[in-house]
Every structure is written in C-alpha cells, then in structure tokens.
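Below: the structure, in structure tokens.
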Amino acid sequence: MSQDPWLQNYDATCRLAQETAENIHERNRQQRTGGNPAKINMTLRASLQKLKQNISQLKEGLLRASSSRRLMQSEADRRQNLIDDLLTREKQLNATFKGDSMEPEPSRSSLMGTATSGGVAANPWLVNESEETRGLNFGEIKQQQQRIIEVQDAGLDALAAVISRQKIMGREIGNELEEQNEIIDDITHLVDKTDDRIRNETRRVKLVETKSASCGMLVVIVLLLIAIVVIAAWPV
C-alpha cells in the first residue's frame, strides 16, 4: 500500500530540516576555523527557502484534506501539531543561521527520532499523539483511517436511507391530507346544497299555510252569507 502523499512530504521536510541543521553546524565550524563559508551560506539560504515552501505546502494539503473530510479530527489535529513544530524548528534554524541564537546540536536522533525496539523511528515532534495511533506506522494509520471512513460512510448511508423513507412518508401524508381536504370540500358543498333546499321547502310550507288560512276564511264567509240569505228568505 502506497504511503500518504502528505506524510511523504512531511518526511521530506523533516529530512530537509535535519540537513539544514547539519549545514549550519558545518558553516559555524568553518567560521571558527577561519574557513570561507560563502558557498555553504548560499546552500543554507536555498534550503531555508525550500523549508518554508515545504511547510506552506503541508499546511495547504492539510487544509484541503480537512475541508473534504478525508481525515478524522484527531488525525487532523495531530498533523497540525506536526506543522506547528516544523514552524518552530524553521524559526530556530533561521535565527541560528543569522546568528541570533545559540546553535542547536543537529543530531539525527534529536531531529528525526531514535529507533525503537520495533525498528520504527519515534519522532520527538509527534506530540499529543492519540492512543489509537501510538506505535503505528504510517501505513497502519492510513488503514485505520480508511476503516473509520468506511464506518462513517456506512452510517451516512443508513442515515440517508432513513431520511429518504421519511421523505416518502411525508409525501404520502401530504397526498392523504389533500384527499381528505377534497372529501371535506365535497361534504361542505353537499351541506350547503341541502341547507338551500331546506330553506326553499320551508318557504313553500309557509306559503301553503298562508294560502290554507285564506281559503278557510273564505269558506266561513261564504257559509255566513248563505245562512243570511236562507234566513232572509224564510217566511215569517
């Protein structure tokens, strides 16, 4: 399995810092012994510039990986700590090159770490390393991250499935509500029509009652007139 490009760049930057520290040590030795350090000073300026560029590339690479969520947060924090330590080391090397501070001992063990019993270099710049990654090499860390990403992806897929089902249920509920509203509208329309019919029938009944009352009075009057005529015609 190929190594993470970011970690490869980090290793190269560490080696560049180591070489720069060794060259500063050699430059200072030449100055103490009366040698001409002009050539090595040119090399040091180029190395320090390259070191600065490499650190900037590491920062940009970490920012891209964090933005795309290809790294878990603990690994992103660990790499940020590595960059911070590189920035501190760069400042120390620049100050030493300019003669503003005491020269550090450029021992490879102090810069690149000492070999452990398992043959894996323990870099002193790997501060605040989590228990999950302690003792693992870069390939194993990458495999661990890949497994974590796969678990996270599976969780996201499950969440997406739940959300999809809820969306379908929401649409079905919405359709059901629309059908219920249509039924309610039909019932309301039917009730309004029935109410109109009841009012019409009520008016007709009242009209019939009025006509019936008028007819009854007319009958009574006619009967009274007949009675009067009969009495008048009755011989005394």
Q: Any chance you could look up the accessible area of ASP192 with a 1.4 Å probe, heavy atoms only, rounded to 10 Å²?
A: 80
Q. Residue-wise, which Karplus ³J(HN,Hα) couplings in Hz belong to the stretch 178-191, taking 6.51 cos²θ - 1.76 cosθ + 1.60, θ = phi - 60°, and x for glycine or proline?
A. 4, 5, 4, 5, 5, 5, 4, 4, 5, 5, 4, 4, 5, 5
Q) Under 16 Å Cα-Cα from LYS52, which aspartates and glutamates qualify once same-chain neighbours fewer than 8 residues away are excluded? A) ASP11, GLU19, GLU60, ASP84, ASP85, GLU90
Q.
Please report the net charge: other residues with Cβ closer than 14 Å to the Cβ of GLN8, K and R +1, D and E -1.
A. +1
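With all protein chains present and a 1.4 Å probe, how do LYS211, LYS39, LYS142 order by accessible area, largest first? All intermediate terms of the calculation are to be shown ahead of the outcome.
On the way: LYS211 120, LYS39 165, LYS142 65 Å².
Largest accessible area first, the residues go LYS39, LYS211, LYS142.
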Q) Quick one: length gained pulling GLN49 to LYS91 fully straight, 0.36 nm per residue minus the C-alpha distance? A) 13.9 nm
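In debye, nearest 20: dipole of the stretch 168-236 around its Cα centre with unit charges on the Cβ of K, R (+) and D, E (-)?
On the way: 8 positive and 12 negative charges, 217 e Å.
In total the dipole reaches around 1040 debye.
The values are calculated or read from the model by the stated rules, or taken from the named source; none is laboratory data. Fair warning: this is a prediction, and the values are worked out from it, not measured in the lab. When we count neighbours, we look across all protein chains shown, and the Cβ atoms used for this are built from the backbone with ideal geometry, even at glycine. For accessibility, only protein heavy atoms count, side chains too; no ligands or nucleic acids. Shrake-Rupley method; radii C 1.70, N 1.55, O 1.52, S 1.80 Å.
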